[in-house]
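First comes the structure, then the notes that go with it.
The values are calculated or read from the model by the stated rules, or taken from the named source; none is laboratory data. Everything numeric in this text was worked out from a predicted model, so none of it was measured. All Cβ positions, even for glycine, are placed from backbone atoms using ideal geometry, and neighbour counts span all protein chains on display. In case anyone asks, the SASA skips ligands and DNA or RNA and just uses the protein heavy atoms, side chains included. Shrake-Rupley method; radii C 1.70, N 1.55, O 1.52, S 1.80 Å.
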Amino acid sequence: MREAYEADASGLHLVPDLVARPESIDEVVELVQKAARDQISITCAGAQTSTTGASITDKGILASLRSLDRISPPDEKARTIRVEAGALVGEIKRTAAAAGLLFAPDPTSEEESTIGGAIACNASGARTFKYGATRRHVRALKVVMASGELMEFRRSDLEKNTVGYAFAHDPIDWFIGSEGTLGIIVEAELSLLPLPRHVVGLAVLFSTEQDALNFVIATRESSTLSPRCIEYFDVGAIEIARSAAAAGTIPGDAAAMVYAEEEISDDLNSTLARWIELIEAITADFEPLVFDGEARLREARRIRHSIPATMNERGSKHRNSGGRKVSTDWAVPYRKLAEAIHAARSLIDGLGVEEHVIYGHAGNGHPHQNLIARDARELATIEAAVEEILKHVLTLGGTVAAEHGIGKLKRRWLPLQMNPLQISMMTAVKRELDPNGILAPGNIL
Ligand SMILES: Cc1cc2nc3c(=O)[nH]c(=O)nc-3n(C[C@H](O)[C@H](O)[C@H](O)COP(=O)(O)OP(=O)(O)OC[C@H]3O[C@@H](n4cnc5c(N)ncnc54)[C@H](O)[C@@H]3O)c2cc1C
């Protein structure tokens, strides 16, 4: 039973001393009060899809919140919805959509991850390009503090405020992205938007990577287009996408692909005409693939999801020899993306890595670079190269982790990006909210 909770999507395995599966908020309160009294660590988990080892532990209790999965009917007038932490993001989106409303955050893992996990990691996705990450869509949180006290935090509606330090204005923000280290989220009130009526997706294929990355910049800077996502696929990612798509959909000789979606405000033909004009300014080698209608958009999403899912599967095959998938999550200002990808490739070339893909949220300057290490020796070599890549990314004004958080795997890279003052401020907040350090030990700090 404890072994059932020893792994997430990081490739790490940590067996907890105890597992708790509370079924109500009261049971979470009781559990944390007891853990606080007995000084036992408590790491909470949603669906354990973390790629950084944040949802596993070998210290104390692993508390799975999956049973707290109630979703209330949306308040259509206020455009909000109340949910418990263990509800799946995909279920929340479907409940909102049935009322004509949109819960905008869209991590690729939305059908297999919880809202508690999404809030705790400030998850984002392809459409973050238009809508922002999860933080922007959280109105209120119920949090069980390290003492076991249940508190509610509501985002202020103020448009102006000069009282005190900015970081204390909206305490709700302390918990969003805190990876379980500052409190246990048990319930949330989320903001909803009107559901767009008609969305079209376009996959644009290129003969060279440079053309594709030029197209990303042209799309982002276009005054006639308003995409909600701009996703990039390199040649390795295209190969996986090709196997997931219907036979013959993706031509064999494309070197790179950009996938974008736009919510149609006028009509389909004029939207497509604006896109075609931009595409033809850069390439005329391939016909773009059009994804029109709900079923086709779902198909595009399934193809996109096949890339991290396939790379996770490939990585897990090498577990017995000490290998795994190495998943990077760096980002740079979008105009620096081509330079960053070029440098990242040249630091990997020559290492003999057989499976290496770069894909993802190019519109935000945020690709995922995934590499498969076949054994412990290759893992060490890849990790050393990744550290060099991250150092270069930082010289371009980038970040070492744009979406998946720090967890346990990326903790050693925190000081590359944050200076000692920033780290000691975070440590001070942690000490204030969790004086005995019982929450999610080993995550972030
Ligand atoms: C195939 C695949 C695709 C992915 N795609 C994306 C993507 O597009 N965008 C993205 O952002 N991430 C992505 N991820 C990473 C991961 O799915 C997200 O971070 C997700 O939000 C985690 O949710 P979870 O329920 O699985 O949380 P878990 O993995 O169980 O937990 C993650 C962290 O949140 C904490 N936590 C969980 N629940 C709570 C709670 N109730 N209160 C306090 N802390 C809590 C845990 O302690 C841990 O630190 C992907 C992962 C996979 C495997």
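Answer yes or no: is there a residue in the range 137-145 that is in a helix (DSSP H, G or I) and closer than 24 Å to ILE307 by Cα. Checked against the condition, which is being in a helix (DSSP H, G or I) and closer than 24 Å to ILE307 by Cα, the range 137-145 yields no hits at all. Look at (1) modelled with pLDDT of 95 or more; (2) farther than 30 Å from ARG79 by Cα; (3) of a type in the set (Val, Ile, Thr); (4) in contact with a strand residue (DSSP E or B) (Cβ under 9 Å, 6 or more places away or on another chain) and you find that ILE217 fails only one, number (4). Being of a type outside the set (A, V, I, L, M), assigned to a helix (DSSP H, G or I), open to solvent by less than 60 Å² (accessible area, probe 1.4 Å) and within 30 Å of ALA218 (Cα to Cα) is a property that GLY315 lacks. Picking from residues in the range 268-297 that are part of a helix (DSSP H, G or I) and acidic (Asp, Glu), the one that is surrounded by the most Cβ atoms within 10 Å (Cβ to Cβ) is GLU277.
From the list ARG66, ARG79, ARG94, the lone residue that is in contact with a strand residue (DSSP E or B) (Cβ under 8 Å, 6 or more places away or on another chain) and either away from the ligand (no atom under 13 Å from the Cβ) or open to solvent by less than 10 Å² (accessible area, probe 1.4 Å) (or both) is ARG79. With a requirement of 3 or more residues that are surrounded by 13 or more Cβ atoms within 10 Å (Cβ to Cβ) and either touching a residue at least 60 places away in the same chain (Cβ under 8 Å) or away from the ligand (no atom under 16 Å from the Cβ) (or both), the strands (runs of 3 or more DSSP E) lying completely within the range 150-206 that satisfy it span 184-191, 199-206. Contact map, the range 121-143: first residue farther than 26 Å from ASP26 by Cα, second residue more than 12 Å from the ligand (Cβ to nearest atom) and open to solvent by less than 40 Å² (accessible area, probe 1.4 Å), Cβ cut-off under 7 Å, separation 6 or more or different chains; pairs are ARG127/ALA104; ARG127/ARG228; PHE129/PRO227; PHE129/ARG228; PHE129/ILE230; PHE129/GLY363; LYS130/ARG228; TYR131/ALA104. Residues of the range 395-427 that are more than 16 Å from the ligand (Cβ to nearest atom) and not in a helix (DSSP H, G or I): LEU396, GLY397, GLY398, MET418, ASN419. Note on the range 38-63: residues that are touching a Gly at 6+ places or on another chain (Cβ under 8 Å), open to solvent by 40 Å² or more (accessible area, probe 1.4 Å) and either away from the ligand (no atom under 12 Å from the Cβ) or closer than 16 Å to ARG411 by Cα (or both) amount to 2.
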